[in-house]
Amino acid sequence: MLIGVGIAAFVDETVFHQLLHWHHFYDRSTPDIGLVSDGLFHAFGWFAVVIGMFMVADLRHRAALAGRAVAGGVLAGAGGFQLYDGTVQHKLMGLHQIRYHVDLTPYDLTWNILAVVFLAAGALLLRSARHANTPAHVNAPS
């Protein structure tokens, strides 16, 4: 899941902060503070990816790596981060909005609907990976 969190943070930072200049991670201060907050946010995302990759390497080393579970974790992590960002950081804390001086409704809906789709896809993959690793006798009727 950490890899998904880091990838979502990286995409958010790269696309919306750096390329489109729609917002900074923290927009309630000066542009310089916003830029510093973007750098810290970017570092957080990469630390999450690196830690997640070490965890995947450990699973692989122990021969416990399930591709479906990794993919599900990445999707669930990305969706969870995006939903947290769209609800808590954007709306509850007011750290920043997706854009400014426009009707936010289509942006908020798209952001949060995609988050739920990622979460659902990740949950389905995690569930199917868990069932694939469950011994047949556990699922057999008594």
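Readers should treat all values here as calculations from the given coordinates under stated rules, not as data from a laboratory. Please read all numbers here as calculations on a predicted model, not as lab measurements. All Cβ positions, glycine included, derive from the backbone under ideal geometry; neighbour counts span all protein chains shown.
So the values come out like this:
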{"item": "Degrees separating the helix 31-61 axis from the principal Cα axis of the chain, which is the longest one", "result": "10"}
{"item": "In nm, spacing of pseudo-spin labels at Y100 and A132 (7 Å Cα→C-beta vector)", "result": "4.6"}
{"item": "Whether region 35-115 is rounded, prolate or oblate, judged on the alpha carbon gyration tensor where a/c under 1.5 counts as rounded", "result": "oblate"}
{"item": "Neighbour net charge for G72 - beta-carbon separation under 10 angstrom, K R +1, D E -1", "result": "+3"}
{"item": "Stretch gain in nm, segment Y84-L124, where the contour uses 0.36 nm per residue and the Cα spacing is subtracted", "result": "12.4 nm"}
{"item": "For the chain, fraction of C-alpha pairs farther apart than 17 Å, in %", "result": "65"}
{"item": "Shape category assigned to region 1-82 from the gyration tensor of Cα positions, a/c cut at 1.5", "result": "prolate"}
{"item": "Separation in nanometres of the label points that stand 7 Å from Cα toward Cβ, at M93 and H21", "result": "2.6"}
{"item": "Protection proxy ranking of 41-52, 90-101, 3-14 - average other beta-carbon atoms within 10 Å, highest first", "result": "3-14, 41-52, 90-101"}
{"item": "Cβ-defined net charge surrounding F16, 11 Å radius [Lys, Arg +1; Asp, Glu -1]", "result": "-3"}
{"item": "The chain: angle of helix 2-11 to the longest principal axis, Cα-based, in degrees nearest 10", "result": "30"}
{"item": "Inter-probe distance in nm under a simple model that places probes 7 Å from Cα toward Cβ, at I113 and D58", "result": "3.9"}
